[in-house]
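Notes to accompany the following structure.
The values are calculated or read from the model by the stated rules, or taken from the named source; none is laboratory data. Quantities reported herein were computed from a predicted structural model and do not represent experimental measurements. Reconstructed Cβ throughout: ideal geometry from the backbone, glycine too, with neighbour counts over all protein chains shown. Accessible surface areas use protein heavy atoms only, side chains included; no ligands, DNA or RNA. Shrake-Rupley method; radii C 1.70, N 1.55, O 1.52, S 1.80 Å.
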Amino acid sequence: MTENPKHLLDRVSESPHRPSKIAKTAAQNLSNDEEEQQEAPMGPSPRTQRYLVAIEYIGTRFSGSQQQPNFRTVVGVLEEAFHKFIGQPVSIVCSSRTDAGVHALSNVCHVDIQRISKRKPGEVLPPHEQTVVRRAVNHFLQKNEGDIMVIDVRCVPADFHARFKAQERTYFYRLLSGPEPLSTFERDRAWHVPEELDILAMQEACKILVGHHDFSSFRAAGCQAKSPIRTLDELTVSEVVSTPYFPSIVERRQNNLIMEDLHASSNKSESDLPVSSISIGNGASGFNGEASLGFGIRRRHRCFVVRLLVGVLKAVGTGNLTISDVERILNAKSVTAASPMAPPCGLYLGHVKYDLP
């Protein structure tokens, strides 16, 4: 999904006082991050360096991203690590607020640091190098639970704001489809759907939801965004090889042959059905088939990567909703018309795009 500060869909929001007790997904959350831009606060002192920091974390280990009293949060843990690094409190501003259980492949925040000499208190030294910041903060983070890591650091001007300067935010949602119990390695990392999913029907439903709409039907009850009108630039469903399994050379070759057959037999042009959206695991031995796999080898689920509005798309994939139902739900502009919520454990904030100086 591509978003901008004025036309944003589906940010996962959270209570400022306690972690959410109800599973929420991006399909039902128009978050505060997507509100009309407010005037950014004044920048730090000229003797202070602002850093843009990209982080990854396992959302099920946190009560959301924003600071909350008496709860472990992403910002709280990160501020603690920075405090240990520089010896003074810091305030961290995130580009995107994620709810409890929601993961991040790359969330972004900014922090202002004034480097003070430890030998001569009060003496301000040149700013730390970017690599020094990353390594030092990760040192303290890994001494904690090891479920959050700094993956990149960039020096930016004092007026560069992680939230207000964000141009696009991309989310992914993982569904694992199949009757087998979910792998231990996938627990709390995806939504397990026992039914088989009709990926082509889900793709058709995506077309209805893309564009500039009133998304009141997909808005969370506690959402504080000023308007439900947003622009959804992209909504796709793709099937990918399920991890954490590692395909052999033979399996990869079989996968390539399946892709070639799908291209040859498809009645749709490439512009209508992108390669990334084609179902690639229908009964292929070694991926999801019923052939004997040998003792101790788990039968794999079909793995789908969906961008947002998961509850409705899943219902379309299982046949509980039709394409016309999706249009009806969108036009109803009421959250009561939408399908049940999907759990937050399958949602990932994938990327935040900036025009960096």
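At-a-glance table
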item: Total residues in segment 320-352, condition crowded, with 23+ Cβ neighbours inside 10 Å and part of a helix (DSSP H, G or I); result: 5
item: Pairs with Cβ under 9 Å, 6+ apart, first in segment 133-152 and over 16 Å from residue 79 (Cβ atoms), second assigned to a strand (DSSP E or B) and among the small types (Gly, Ala, Ser); result: 151/54; 151/106; 152/54; 152/106
item: Segment 75-94 residues that are in contact (Cβ under 8 Å) with a residue 60 or more places away in the chain, paired with ones that are crowded, with 19+ Cβ neighbours inside 10 Å and basic (Lys, Arg) (beta carbon under 8 Å, 6 or more apart); result: 93/163; 94/163
item: Residues that are out of contact with any Phe, Trp or Tyr (no Cβ under 9 Å at 6 or more places or on another chain) and either without any contact (Cβ under 8 Å) to a residue 40 or more places away in the chain or within 21 Å of residue 202 (Cα to Cα) (or both), drawn from segment 322-335; result: 322, 323, 324, 325, 326, 327, 328, 331, 332
item: Count - residues of segment 114-156 that are of a type in the set (Lys, Arg) and either at positive phi or part of a strand (DSSP E or B) (or both); result: 1
item: Scan of segment 172-218 for residues that are surrounded by fewer than 20 Cβ atoms within 10 Å (Cβ to Cβ), over 25 Å from residue 331 (Cα atoms) and among the small types (Gly, Ala, Ser), ordered by number; result: 183
item: Residue selected from segment 134-167 under the condition over 24 Å from residue 98 (Cα atoms) and of a type in the set (A, V, I, L, M), by the criterion surrounded by the fewest Cβ atoms within 10 Å (Cβ to Cβ); result: 158
item: Residues within segment 115-132 that are open to solvent by 50 Å² or more (accessible area, probe 1.4 Å) and touching a residue at least 24 places away in the same chain (Cβ under 8 Å), tallied; result: 5
item: Qualifying positions in segment 219-263 - at pLDDT 80 or above, hydrophobic (A, V, I, L, M, F, W, C) and crowded, with 17+ Cβ neighbours inside 10 Å; result: 232, 235, 237
